[in-house]
1. Tell me, which residue of the range D:123-139 that is touching an Asp or Glu at 6+ places or on another chain (Cβ under 8 Å) and among the hydrophobic types (A, V, I, L, M, F, W, C) is surrounded by the fewest Cβ atoms within 10 Å (Cβ to Cβ)?
2. Identify, by number, the condition in (1) assigned to a loop (DSSP other than H, G, I, E, B); (2) out of contact with any helix residue (DSSP H, G or I) (no Cβ under 9 Å at 6 or more places or on another chain); (3) away from chain B (no Cβ under 14 Å) that C:Ala51 doesn't meet.
3. Can you pull out the residues in the range A:71-98 that are assigned to a loop (DSSP other than H, G, I, E, B) and either at positive phi or among the aromatic types (Phe, Trp, Tyr) (or both)?
4. Based on this model, can you work out whether C:Asp76 counts as in contact with a helix residue (DSSP H, G or I) (Cβ under 8 Å, 6 or more places away or on another chain) and of a type in the set (Asp, Glu)?
5. B:Arg106 - would you say it is without any contact (Cβ under 8 Å) to a residue 12 or more places away in the chain and either buried (at least 16 other Cβ atoms within 10 Å of the Cβ) or more than 15 Å from the chain's Cα centre (by Cα) (or both)?
6. Which ones in the range D:54-66 are assigned to a loop (DSSP other than H, G, I, E, B) and β-branched (Val, Ile, Thr)?
7. Just for the range B:1-47: of the residues that are more than 14 Å from chain C (Cβ to nearest Cβ) and assigned to a helix (DSSP H, G or I), which one is nearest to C:Asn30 (Cα to Cα)?
8. Check whether at least one residue in the range B:13-20 is among the hydroxyl-bearing types (Ser, Thr, Tyr) and surrounded by fewer than 17 Cβ atoms within 10 Å (Cβ to Cβ), and report yes or no.
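FYI, it's all coordinate maths here, none of it is from the lab. This structure is a prediction, so every number in the text was calculated from the model and none was measured. Ideal geometry is used to build each Cβ from the backbone, glycine not excepted, and the neighbour counts take in all protein chains shown.
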Number of protein chains: 4
Amino acid sequence: MSENPIFHFNTEVRVRLPETDAMGIVFHGNFFTYLEVGRVDYLRNLELSDAARPIRDFDNVVVAAHLDFKSPARLDDCIRIDVRTREIRHSSFTFEFRLRNKSTNRVIADGYTTHCAVDGAFNPISVPDKFRETIGAFEQWDDAER
Amino acid sequence: MSENPIFHFNTEVRVRLPETDAMGIVFHGNFFTYLEVGRVDYLRNLELSDAARPIRDFDNVVVAAHLDFKSPARLDDCIRIDVRTREIRHSSFTFEFRLRNKSTNRVIADGYTTHCAVDGAFNPISVPDKFRETIGAFEQWDDAER
Amino acid sequence: MSENPIFHFNTEVRVRLPETDAMGIVFHGNFFTYLEVGRVDYLRNLELSDAARPIRDFDNVVVAAHLDFKSPARLDDCIRIDVRTREIRHSSFTFEFRLRNKSTNRVIADGYTTHCAVDGAFNPISVPDKFRETIGAFEQWDDAER
Amino acid sequence: MSENPIFHFNTEVRVRLPETDAMGIVFHGNFFTYLEVGRVDYLRNLELSDAARPIRDFDNVVVAAHLDFKSPARLDDCIRIDVRTREIRHSSFTFEFRLRNKSTNRVIADGYTTHCAVDGAFNPISVPDKFRETIGAFEQWDDAER
């Protein structure tokens, strides 16, 4: 996790019964579903997503996924998901997330997912310029960071 | 559910933590995943399944799914899944299931799923003869039932 | 399914990637999660739900679950979930659902779940009056039906 | 991931249809369910697990979860899950995993989960000696590492 990242986008989910487990809290693996919702909502807001696939103009695979868990989430909790793009490299790009309990503002988890742009045979391709530019503008990166 | 159906095939699953919910028992919708496991194992045993799709020679969609729940299942329970084919009609066919707790023999649930054979555009097709014959032989149907 | 049921409540969900499967459509078992969302939103609207459990004043178990599938749902589809209570008996009660694609209005599935009010040892209890009256008023049942 | 870790335990799972997604591969978040299966089977083999909860003698929460994905897994693939305990600290302990396609031996993913021993109020407690000793003996740690 970056130190004190600034998030310009957030969305939210409410915890559903099948996402909890017999320990009474959300099963840790299900938070990656919440990250998926956050990422798709973030990309939809930039018109980079479409119905057919999570990123409109190219396929991607997740190459790394990480979460640090700070406090449990429970049935019916509203979770605010902060989403940002941390960096875009030649073929890969990383989204960063922070999840908070909406009513207490307590941090539930933070972490990231790193993706690789791929062709139909799952070989890496370079990240298309339009994707890079749209996100760079939204995140207010100066040119050095893009 | 048929009255006193005879099952010639069974398989088993062990309840995983994310399949339970905050009520401390398996979420009812997750039993349809266990039926999927039972159906695929049943078809694999008849060499009617393959890696690419649940039924080797044609696509299918589920058109009805039903379960009656008799007793709860909990974390780490071993569940025995009895599977049979109840009938094969022109385009549709129905599998019947009974789930028992393996160590107590108590019935957890029983029910069925009805499937329709479809082409690539999701239009009904007639059930291929090989599928009909292989299952009829295994289930020991006489010709009137096939 | 009742013939031409009238629904006074609806809510919606958007299909998430992990709810789809390799057939390219929502896995049929995951629709029971959508029914759960519909049922909880329906009960919350009547102030019969709370954070701790799906029904505020008593525990319940699902005793039957049924869906008929009419057309597939795909990634990112918005699904409108119509919810009603069909009947409340001594210990059991049945919710009825219809799921439609929000942008095409095509029916995706309809069905029901039947629940039993239980005590802490999973023994049936009679459905509390407040639950019965609140729902009867919302559904505009006359006294004969309650 | 440690460099060239040696695994003394493995178990396996077969990919189920609802674990795949519309991209045709296993949804990345579902691999954390496979890690759960691996961890519970590892602990059961050491008689440290029981039916009531994943670790018999104390509760735990996951404080970090990480996976690096190397190649996709598909419907019906058999996945071999290698499991080891990497370290046990005062209150926390880390399991390490490697997932391989059983028929090709290709690595699918590797990663770890870190857990914290907690009391009923989710406060950290020290890891019980029996857990520490049983695992240290199985992993053939010398005393310096325990």
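1. Only one residue tops the list, namely D:Ile125.
2. The one condition C:Ala51 does not meet is (3).
3. Result: A:Asp76, single match.
4. yes
5. Considered against the rule, which asks whether it is without any contact (Cβ under 8 Å) to a residue 12 or more places away in the chain and either buried (at least 16 other Cβ atoms within 10 Å of the Cβ) or more than 15 Å from the chain's Cα centre (by Cα) (or both), B:Arg106 comes out as no.
6. If the condition is that a residue be assigned to a loop (DSSP other than H, G, I, E, B) and β-branched (Val, Ile, Thr), then D:Ile55 is the only one that fits.
7. The qualifying residue nearest to C:Asn30 (Cα to Cα) is B:Leu17.
8. We begin by selecting, within the range B:13-20, every residue among the hydroxyl-bearing types (Ser, Thr, Tyr); these are B:20.
Now narrow it down to the ones that are surrounded by fewer than 17 Cβ atoms within 10 Å (Cβ to Cβ): none.
Looking through the range B:13-20, none of the residues is among the hydroxyl-bearing types (Ser, Thr, Tyr) and surrounded by fewer than 17 Cβ atoms within 10 Å (Cβ to Cβ).
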